[in-house]
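Okay, structure first, notes after.
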Amino acid sequence: MADSLVLSVDGMGGDSAPDIVVEGIDIAVRERPGLRFQIHGDADRIGALLERFPRAKAASELVAAERAIGMEIKPSQALRQGKGSSLWNAVAAVEEGRAHAVVSAGNTGAYMAIAMFRLRTMAGVHRPALAARWPAANGGFVVMLDVGANVQADGEQLVEFAIMGEAFQRAVSGKAKPSVALLNVGAEDLKGHEEIRSAAKLVRDAGVDIDFQGFVEGDDISKGTVDVVVTDGFTGNIAIKTGEGTARLVGQLLREALTSSLMAKLGAAIAYPALARLRKRMDPGSFNGAVFLGLNGLVVKSHGSANGPGFASALEVAAKLATSHYREEIADNLARLSAAEAAGVAQSAG
């Protein structure tokens with residue numbers, strides 16, 4: 001297993017764990033036969049499930065954990081009481097070099113607290129950011145960050161988010177030069193508060209190697225105007241949850257319209273192939289797998305309500321990141337940012 005790509009998995013995290021975890025691993029192994037897993041959790045429950053999924057069993061090492069961290073546990077409690085839990089042990093496997101990345105669908109706050117405590121942040125990163133993907137009208141997806149790790153962010157942190165998000169987009173999409181913009185109330189240079197305007201100036205002056213496009217507005221996210229949209233965690237979390245709620249509303253209204261009469265049902269039957277493609281395109285599970293960027297280790301967060309295929313999507317994100325050079329690319333651009341800031345300080349002092 002040491003020569004393979006190994007993913008450490010919190011087997012007890014999520015609304016439907018460990019069932020969806022084992023199912024997701026089975027799907028992931030089918031897509032990537034060389035993947036190997038360490039599953040941390042209740043040995044009896046997970047072991048019984050692995051008997052039903054022999055492909056997942058053959059690719060997995062089951063590591064017993066004393067307990068699981070519930071969704072109601074606060075981050076501070078997780079740090080005090082989490083040792084020996086499936087989540088704690090899963091993160092520890094990455095810290096200790098026994099796995100290349102960790103994946104959990106569990107408590108987001110506890111997950112971030114434990115990951116930060118055990119892995120620490122990369123040099124040059126003030127705070128990690130939570131990056132998520134969102135489907136775009138151009139057929140691809142947009143990476144958006146921060147979507148909840150930091151309520152506030154100053155100009156320097158927003159530039160760090162831009163650097164990390166750009167590298168993440170390249171790793172998961174394969175785009176050589178993803179475009180990046182800051183989320184604002186208008187595209188004009190004079191729009192927005194001081195932090196966002198200072199971030200735009202800093203990213204241009206620092207000489208970081210990204211395709212910076214300035215500002216975009218909220219409706220540009222789903223348009224796919226740029227590949228990476230950068231904002232603070234307060235705004236990003238509201239934006240992405242509003243988008244998820246709107247997608248669910250559209251789906252509900254569409255179902256109601258297509259079942260409202262006999263003719264509507266007949267039309268729905270005729271249009272079924274197109275509707276099936278639409279449902280697949282709008283399925284949030286297809287883009288499952290947010291990432292805590294900026295840590296000394298790969299940490300992937302699955303949606304808590306993910307099903308098996310959705311959890312498999314999160315595992316695929318972890319595998320792509322683990323086989324990429326995204327952390328080295330982040331480090332290079334952070335070094336450029338630090339050098340530019342040091343030069344600015346020296347110039348001001350002179």
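Filtered by the rule that a residue be in contact with a helix residue (DSSP H, G or I) (Cβ under 6 Å, 6 or more places away or on another chain), over 22 Å from Ser104 (Cα atoms) and aliphatic (A, V, I, L, M), the range 168-183 gives Val180, Leu182. In the range 184-202 there is at least one residue that is part of a loop (DSSP other than H, G, I, E, B) and within 23 Å of the chain's Cα centre (by Cα). Contact map, the range 211-240: first residue touching a residue at least 24 places away in the same chain (Cβ under 8 Å), second residue surrounded by fewer than 18 Cβ atoms within 10 Å (Cβ to Cβ) and not small (Gly, Ala, Ser), Cβ cut-off under 6 Å, separation 6 or more or different chains; pairs are Asp211/Lys177; Gly224/Asn138; Val226/Gln213; Asp232/Gln152; Gly233/Val151; Phe234/Val151. Scanning the range 148-170 for residues that are aliphatic (A, V, I, L, M) and either surrounded by fewer than 22 Cβ atoms within 10 Å (Cβ to Cβ) or not assigned by TED's automatic domain parsing to the domain that holds Lys201 (or both) returns a single hit, Val151.
Annotation note: of Gly24, Gly97, Gly34, the sole residue that is touching a residue at least 12 places away in the same chain (Cβ under 8 Å) and surrounded by fewer than 19 Cβ atoms within 10 Å (Cβ to Cβ) is Gly34. Of the strands (runs of 3 or more DSSP E) lying entirely inside the range 1-88, those containing at least 1 residues that are closer than 26 Å to Met116 by Cβ and in contact with a His (Cβ under 7 Å, 6 or more places away or on another chain) span 6-10, 60-64.
The values are calculated or read from the model by the stated rules, or taken from the named source; none is laboratory data. All of these numbers come straight from a predicted model, not from anything done at the bench. Cβ: placed from backbone, ideal geometry, glycine included. Neighbour counts: every protein chain shown.
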